[in-house]
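Before any comments, here is the structure.
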Amino acid sequence: MGKSVLLIEDEPNIIEAISFILSRDGWAVATHSNGHDAVGVVQDKLPDLVILDVMLPGKSGYDILRELRDLDATRNLPVLMLTARGQVKDREMAERAGASRFMTKPFSNAEVLEAVRELVQP
């Protein structure tokens, strides 16, 4: 079975860019674009990795991440947080919520690929 990633992001250009980068590297990429039911989608798909935007319609990425960390099935799931706000307090909030890694927008294709590869070792 191939490596799978669930991208939870609401900006179409970022969805397209990350999907392209990861698909080209052999990842199966599923996408979701709202916070309302994101936890349920993660539970249904159980990907190898979640890339999670901080600011989503319906529920913040921090709240979603805290919920994922409270569930047995997703407690140790690697989660790469993405945000346009890269201040120290944002990074600290992500760490407290349980993020595996934190990346600010804009990011380079190489940065995303390197982070994903590091978070999901073969």
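The values are calculated or read from the model by the stated rules, or taken from the named source; none is laboratory data. Fair warning: this is a prediction, and the values are worked out from it, not measured in the lab. Positions of Cβ are generated from backbone atoms using ideal geometry, with glycine treated the same way; all protein chains shown enter the neighbour counts. What goes into the accessible areas is simple: the full protein's heavy atoms, side chains included, and nothing from ligands, DNA or RNA. Shrake-Rupley method; radii C 1.70, N 1.55, O 1.52, S 1.80 Å.
Charges were assigned to the Cβ only: +1 to each Lys and Arg, -1 to each Asp and Glu. The resulting dipole of the chain about its Cα centre is roughly 220 debye. A value for Cα extents along the principal axes in Å was derived from the coordinates, and within the list (1) 32, 30, 25; (2) 35, 31, 24; (3) 30, 24, 23 it appears as (1). Between Val88 and Glu11, the contour length at 0.36 nm per residue exceeds the alpha carbon distance by 25.4 nm.
Near the amide H of Thr31, within less than 5 Å, lie the amide hydrogens of Leu7, all on another chain or at least 5 residues away, with H placed in the peptide plane. What residues of segment 45-72 lie in the reach of a label at Ala28, counting those whose backbone N is under 20 Å from a point 7 Å from the Cα along Cα→Cβ? Only 45-52 pass the distance filter. A DSSP coil position with no more than 13 other Cβ atoms inside 10 Å describes the following trypsin sites (Lys or Arg not before Pro) in segment 55-122: Arg75, Arg85. Using the 1.4 Å probe convention, the accessible area of the chain works out to 52 Å² per residue with neighbouring protein chains retained.
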